[in-house]
Each structure stands twice: as structure tokens, then as C-alpha cells.
Amino acid sequence: MIRPLIIKATIHSITAVATGHFEVRLDSRELAAAIPGQFVHVRTPGTLRRPISFSRLDRAQGRVGILWQVVGAGTRWLSEQPAGSQLDVLGPLGHGFPAPQADRPWCLVGGGVGIPPVFAALEAWQDVVQAPITAVLGARREDLLTMGDDFRDRIDDVRITTDDGSRGGRGTVLGPLAHWRAQNPNGQVYACGPTAMLAQVAQVCQGVEHVYLALEQRMGCGMGACLACVVLAQGKHGPEWRRVCHDGPVFAAEELIW
Ligand SMILES: Cc1cc2nc3c(=O)[nH]c(=O)nc-3n(C[C@H](O)[C@H](O)[C@H](O)COP(=O)(O)OP(=O)(O)OC[C@H]3O[C@@H](n4cnc5c(N)ncnc54)[C@H](O)[C@@H]3O)c2cc1C
Ligand code: FES
């Protein structure tokens with residue numbers, strides 16, 4: 001794994017990709033060597049950095065993508081930075097997804113701002129998987145859905161849900177996921193999204209061997225020092241705390257205690 005560095009990365013472009021959602025392409029050869037599921041900690045005005053996952057990793061061009069929803073002061077500030085300016089980013093941080101198994105059907109599940117890291121996984125490993133690949137993407141409303149076209153450009157089987165039925169099936173990703181799981185008992189699942197969604201993904205996929213979940217816990221230092229981000233996991237001798245920023249953010253589903 002690459003050692004995290006503090007990098008001044010130039011913004012190549014910034015694009016509004018959905019209501020209140022922006023994607024930046026950053027020029028950085030160091031970051032482009034990251035693993036899908038890892039994240040950067042971006043300096044914004046004030047004390048704490050903000051964790052954002054990679055949405056794309058282009059090693060050939062030395063360019064990465066990060067995509068975020070504006071929810072507060074930090075992400076609003078980020079969305080106002082122009083192309084050509086520099087961001088102060090610490091990364092790549094955490095442990096990303098493992099490479100998928102070549103012979104197992106693969107389901108990528110993304111909810112809301114959990115969609116970008118599973119797209120980065122698809123982009124990195126699509127050619128590794130020789131079995132069918134499915135994406136299940138969920139958003140609250142059609143105008144909040146991101147990266148649907150990016151998935152469609154790469155794979156045929158993209159299933160979309162919205163809470164209000166404004167695009168795709170009405171409801172959450174869990175319906176299409178349960179359907180896929182019933183048809184693919186030997187499949188593998190990579191998911192990212194809100195904690196409540198991930199808890200249910202783990203439930204639906206009980207008994208599936210290769211289920212990996214990328215958590216988006218609130219963070220402080222992002223480097224394993226402050227314990228702001230701990231979750232309860234199954235240790236060798238009973239339950240123990242794990243730091244999402246350092247031990248994760250990707251965990252095998254069977255490790256976590258909900
Ligand atoms: C490993 C990791 C990867 C992430 N990747 C992405 C990503 O790719 N795209 C993206 O849009 N967001 C991502 N997030 C969430 C993102 O870090 C927060 O939305 C951001 O820090 C909010 O900063 P702010 O200053 O705009 O909002 P604040 O003013 O700090 O908070 C505004 C609101 O957002 C909530 N909030 C803040 N942080 C989080 C969080 N981590 N999880 C849930 N709710 C939060 C607060 O409770 C509050 O309601 C990720 C978080 C983690 C831990
Ligand atoms: S954010 Fe400080 S230990 Fe994880």
C-alpha cells in the first residue's frame with residue numbers, strides 16, 4: 001500500500017453532476033496509484049479535513065476523481081473552488097476493496113454518495129471479472145442520482161432505484177439486490193452507502209462469502225489517532241473496536257457487528 005502524503009493537487013476540472021453534487025478531477029500521479037475504496041482527506045477552511053472517496057483512478061493520465069454532495073460548510077467550500085486552483089489533500093488513506101474474484105458474478109451496490117467508490121472499483125477491475133457484472137444504484141430522487149451513465153457505458157446490467165420512483169424502481173437498492181442474490185448464490189458483493197443501507201445489505205447477503213462494505217463514518221484525524229470513527233467488529237477473542245479510517249473504510253461484512 002502507498003504511504004499517505006500531503007499533496008497539493010491541481011483541479012483539472014470541476015463539474016456539477018447532479019443537484020448539489022460535484023465531481024472534481026485532480027492531477028496527481030501519487031493519488032492515481034490508490035486502490036478503489038480508499039479516500040482522501042481534503043483540507044477546507046477551519047480545523048478538520050473532510051474525507052471523500054475516489055470516484056475514478058486513472059493511472060495512465062495521473063488523474064483522479066472525487067465526487068461529493070454539498071451537505072455543510074466544508075463541501076460547499078469545495079464546490080466553489082475553480083479549475084486550476086490547488087487542493088491540499090492527505091492521502092490515499094485507509095484500506096480499499098480487495099481485487100474481486102475472476103469467476104464469481106459481481107454485484108456493485110451504491111447508495112447516494114456511496115456510488116462513486118463502487119464505480120472506481122468497476123473501472124479498476126472490470127476486466128478481471130470473467131463472470132456477469134451487475135450494478136444496483138439507489139438515490140432518493142432522480143436529480144440526486146450520480147454516475148448512472150458511467151456505469152451504463154461499461155456494463156449492460158444497471159438497476160436503478162429511487163425512494164420516490166422518479167427513476168427506475170420505487171424503493172431502495174435492497175429489492176434488486178435480494179433478487180440478484182437469489183439468482184447468484186456464489187456471487188460477490190461490493191457496497192457503499194449510508195450505514196442503515198449497509199446493515200441491510202449485510203443482512204440480505206448473509207451466507208454469501210465475498211461481501212465487502214465501505215463505511216462512511218464521521219471522522220476526525222483520518223489517520224487512526226483520535227478514535228472518532230470506531231465501529232464494533234468481531235475480533236478473535238470477542239467484539240472489539242476498529243477504526244474506520246485506518247482499519248477500513250472497507251470491511252468484510254462478516255467482520256462487522258451492527
Ligand atoms: C471514508 C469516507 C468517505 C466519504 N466519501 C464521500 C464521498 O465520496 N462523497 C461524499 O459526498 N461524501 C463522502 N463522505 C462524507 C463526507 O466526508 C461528509 O459529507 C463531509 O465531511 C461533510 O462535511 P461538511 O463540512 O460539508 O459538513 P458538516 O458541516 O461537517 O456536516 C453537515 C451534515 O453532514 C453530516 N455528515 C458529516 N460528515 C458525515 C459523514 N462522514 N457521514 C454522514 N454524515 C455526515 C453531518 O452530520 C451534518 O448533518 C465520506 C465520508 C467518509 C468517512
Ligand atoms: S478519524 Fe481519527 S481514528 Fe479515525
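The values are calculated or read from the model by the stated rules, or taken from the named source; none is laboratory data. Note that the structure is predicted; figures quoted are calculated from it, not measured. We place every Cβ from the backbone using ideal geometry, glycine too, and count neighbours over all the protein chains shown.
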Notebook entry, point to check: Which of the residues belonging to the range 198-248 are more than 16 Å from ligand 2 (Cβ to nearest atom) and over 23 Å from PRO36 (Cα atoms)?
Noted result: GLN203, VAL204, GLN206, GLY207, GLN234, GLY235, LYS236, HIS237, GLY238, PRO239
Notebook entry, point to check: Does any residue of the range 69-92 turn out to be of a type in the set (A, V, I, L, M), touching a Phe, Trp or Tyr at 6+ places or on another chain (Cβ under 9 Å) and within 30 Å of HIS210 (Cα to Cα)?
Noted result: no
Note to self: Take the residues in the range 80-114 that are touching a Gly at 6+ places or on another chain (Cβ under 8 Å) and small (Gly, Ala, Ser); name whichever of them is farthest from ARG159 (Cα to Cα).
What the structure shows: GLY94
Notebook entry, point to check: With respect to PRO92, is the statement that it is touching a residue at least 60 places away in the same chain (Cβ under 8 Å) and either surrounded by fewer than 24 Cβ atoms within 10 Å (Cβ to Cβ) or under 15 Å from the mean Cα position of the chain (by Cα) (or both) true?
Noted result: yes
Next item on the list: Quickly run through the range 199-227 and pick out the residues that are near ligand 1 (Cβ under 10 Å from one of its atoms) and either of a type in the set (A, V, I, L, M, F, W, C) or more than 12 Å from VAL250 (Cα to Cα) (or both).
Entry: ALA214, LEU215, ARG218, MET219, GLY222
Next item on the list: Could you please let me know if PRO45 is modelled with pLDDT under 95 and out of contact with any Ser or Thr (no Cβ under 7 Å at 6 or more places or on another chain)?
Entry: yes
Margin query: Please go through the range 1-36 and give me each residue that is without any contact (Cβ under 8 Å) to a residue 60 or more places away in the chain, crowded, with 16+ Cβ neighbours inside 10 Å and within 20 Å of VAL113 (Cβ to Cβ), ordered by number.
Written below: PHE22, ARG25
Item checked: Evaluation of TRP77 against (1) surrounded by 23 or more Cβ atoms within 10 Å (Cβ to Cβ); (2) within 12 Å of ligand 1 (Cβ to nearest atom) (one fails), failing number -> (1)
